[in-house]
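The block underneath contains the structure these notes are about, expressed in structure tokens.
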Amino acid sequence: MSSRHARRKAGGLAQILAVASVIMICCAVGAAFVLPPGKPLAHLPPAYGFGRFALPPLGQPARSTSPTTARPIDYAKPVKTYPAPARTYPAPARIYPAPAPATVTVHDRPSRAEPATSSAKPSSTPADPAAGLPPPSALQPPLAGVVTTDVAGWDAITASHAQLAVQYVSMSAPLAPSWLHSAIRTADGAEVVIELLPTSPGQPPNTLEQIAAGVDDGWLTQLHEQITAIGYPVVISFAPEANGRWYAWGEDPAGFAAAWRHVHALLGIAGITWMWQISAHNIGDPATADIGAYWPGTGQADWAGLDGYDYQPGDGFTVRFGHSLTELKTWWHGPVLIAETAVSPLVGSPAAQAADVTDLFAGVAANGLIGLIYLDLNVCQGECSLYKQDFRLSSYPQALNAYRTAVNGAW
């Protein structure tokens, strides 16, 4: 075979092999699109595309589209934009018009006459229970009172005269026969405000239910006898701050109201001004909410008292007492007293503390209240905290000067 013939035969074989290769490739590509037996078209994605041209789902007729109108597939995560809600809360209007001038209600306040002098006094005549006591003085609003262990010292440093002086006494401890005499003597001419505590820490438990059931009637009878024998007017506050959870008798409105009515009935009203004393609260404070539930009823109280302190920056008369005064005025139209208050050094600088003291007096005057009682004690109990501070004004010269100015001014 000539070399020319051999070359021609080899070229023909190469062409045959090339054609065969093309056929095999086409078959392989076709096989990739052959659906398995029993598989419907729905198993494929509903749409697919190449580049920016979207193709219709398999099994659906193609739509005519041109490159200029075709919609590209955007695989990026969509951006969700939410406009910020408008949260604008108008400041509440806390404007309290001053009520008519307060009338301080008292019950059968006796005027003690001087005993007749006699050179021959029978030896059997009992000693005067009020012997050695200063004569009682009439209350003149606005009333400035104090909680202190030294009323005379308080009068000296404030250059004023306290008209009310608080004395605490626990009903779960025996009542000394001379307790009231001693309380009046140390009040330095102020009228005694008796805060009747059902019990105290470290003493036997004494519940409101027990008091209402008469368990303490013997103790209350002794107090009644002392009040009657001495004949001096007193203010009585039973179970103060009953709406707070910090006392054993707290947060039991029904029990408090029942116990109050029992104590009120047993002690009577002769020589007694009854002060309903509750803890003032801010909106949303769960510990002292719903003060109306603790109201003992018509004819049960002569004064309404609110306790509240400036503990931290931002506190003030309106913050501490505004909401409770608004609530109280819905059912009570008698005299209102700030029954216990003080300004903590934690309100800020000495100037801020002095400003808060001035604000207390201004709030009393603006709201037509009959006065306030300032707590002048160190209640740190070994370690100070937010609610347990040294409240003695003698520790804070600027605050003391503010008190002097306010209590001796036209408030």
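Just so it is clear, none of the values below were taken in a lab; they were calculated from the coordinates. Everything numeric in this text was worked out from a predicted model, so none of it was measured. Cβ placement follows ideal geometry from the backbone for every residue including glycine, while neighbour counts extend to all protein chains displayed.
Please enumerate the residues belonging to segment 344-371 that are surrounded by 23 or more Cβ atoms within 10 Å (Cβ to Cβ), touching a residue at least 60 places away in the same chain (Cβ under 8 Å) and hydrophobic (A, V, I, L, M, F, W, C).
Across segment 344-371, the qualifying residues are 364, 369.
For segment 217-246, what are the residues that are farther than 30 Å from residue 189 by Cα and either touching a helix residue (DSSP H, G or I) at 6+ places or on another chain (Cβ under 7 Å) or surrounded by 19 or more Cβ atoms within 10 Å (Cβ to Cβ) (or both)?
Quick first cut of segment 217-246, residues farther than 30 Å from residue 189 by Cα only: 243-246.
Correct list: 243, 244, 245.
Just checking, does segment 242-261 include any residue being within 19 Å of residue 273 (Cβ to Cβ), within 23 Å of the chain's Cα centre (by Cα) and of a type in the set (Asp, Glu)?
Within segment 242-261 (the criterion being within 19 Å of residue 273 (Cβ to Cβ), within 23 Å of the chain's Cα centre (by Cα) and of a type in the set (Asp, Glu)), the answer is no, since none of the residues qualifies.
Restricting to segment 323-335, and then to whatever is out of contact with any Phe, Trp or Tyr (no Cβ under 8 Å at 6 or more places or on another chain) and in a helix (DSSP H, G or I), can you tell me which residue is surrounded by the most Cβ atoms within 10 Å (Cβ to Cβ)?
Top of the filtered list is 324.
Of everything in segment 380-395, what is assigned to a loop (DSSP other than H, G, I, E, B) and farther than 28 Å from residue 140 by Cβ? Give them in sequence order. Walk me through how you get there before you give the answer.
Within segment 380-395, the subset assigned to a loop (DSSP other than H, G, I, E, B) is 380-389, 391-392.
Those that are assigned to a loop (DSSP other than H, G, I, E, B) and farther than 28 Å from residue 140 by Cβ: 380, 381, 382, 383, 384, 385, 386, 387, 388, 389.
May I ask you to say which residue of 303, 274, 295 is closer than 28 Å to residue 222 by Cα, in contact with a His (Cβ under 8 Å, 6 or more places away or on another chain) and either aromatic (Phe, Trp, Tyr) or crowded, with 22+ Cβ neighbours inside 10 Å (or both)? Lay out the reasoning, then the answer.
On the way: 303 fails: in contact with a His (Cβ under 8 Å, 6 or more places away or on another chain); 295 fails: in contact with a His (Cβ under 8 Å, 6 or more places away or on another chain).
Going through 303, 274, 295 in turn, just one is closer than 28 Å to residue 222 by Cα, in contact with a His (Cβ under 8 Å, 6 or more places away or on another chain) and either aromatic (Phe, Trp, Tyr) or crowded, with 22+ Cβ neighbours inside 10 Å (or both): 274.
Could you please give the count of residues in segment 132-156 that are buried (at least 16 other Cβ atoms within 10 Å of the Cβ), in a helix (DSSP H, G or I) and either basic (Lys, Arg) or touching a helix residue (DSSP H, G or I) at 6+ places or on another chain (Cβ under 9 Å) (or both)?
Counting residues in segment 132-156 that are buried (at least 16 other Cβ atoms within 10 Å of the Cβ), in a helix (DSSP H, G or I) and either basic (Lys, Arg) or touching a helix residue (DSSP H, G or I) at 6+ places or on another chain (Cβ under 9 Å) (or both) gives 2.
Which of the following residues is farther than 27 Å from residue 191 by Cβ and among the aliphatic types (A, V, I, L, M): 269, 283? Explain how you work it out, then say what you get.
Numbers: 269 fails: farther than 27 Å from residue 191 by Cβ.
Result: 283 is the single residue among 269, 283 that is farther than 27 Å from residue 191 by Cβ and among the aliphatic types (A, V, I, L, M).
Across segment 165-212, which residue is farthest from residue 150 (Cα to Cα) among those that are hydrophobic (A, V, I, L, M, F, W, C) and assigned to a helix (DSSP H, G or I)? Reasoning before the result, please.
If we filter segment 165-212 for residues that are hydrophobic (A, V, I, L, M, F, W, C), which is where we start, we get 165-166, 169, 171, 173, 175-176, 179-180, 183-184, 187, 190, 192-194, 196-197, 208, 211-212.
Within this subset, residues satisfying the condition of being assigned to a helix (DSSP H, G or I) are 179-180, 183-184, 208, 211-212.
Details: 179: 17, 180: 16, 183: 11, 184: 12, 208: 31, 211: 31, 212: 34 Å.
Residue satisfying both the conditions and the ranking: 212.
So that you can scan it fast, the table gives a plain yes or no per residue for (1) of a type outside the set (Val, Ile, Thr); (2) in contact with a Leu (Cβ under 7 Å, 6 or more places away or on another chain); (3) surrounded by fewer than 22 Cβ atoms within 10 Å (Cβ to Cβ):
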{"site": "314", "(1), (2), (3)": "yes, no, yes"}
{"site": "337", "(1), (2), (3)": "yes, yes, no"}
{"site": "342", "(1), (2), (3)": "yes, yes, no"}
{"site": "374", "(1), (2), (3)": "yes, no, no"}
{"site": "385", "(1), (2), (3)": "yes, no, yes"}
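Under 7 Å between Cβ atoms, at least 6 apart or on separate chains: pull out the pairs that start in segment 196-219 with a residue that is within 21 Å of residue 275 (Cα to Cα) and end on any residue that is outside any loop (DSSP other than H, G, I, E, B) and among the aromatic types (Phe, Trp, Tyr).
Note: pairs meeting the criteria are 196/238; 197/168; 208/256.
Condition check ((1) part of a helix (DSSP H, G or I); (2) closer than 24 Å to residue 345 by Cα) across all residues:
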{"position": "232", "(1), (2)": "no, no"}
{"position": "248", "(1), (2)": "no, no"}
{"position": "257", "(1), (2)": "yes, no"}
{"position": "262", "(1), (2)": "yes, no"}
{"position": "277", "(1), (2)": "no, no"}
{"position": "313", "(1), (2)": "no, yes"}
{"position": "321", "(1), (2)": "yes, yes"}
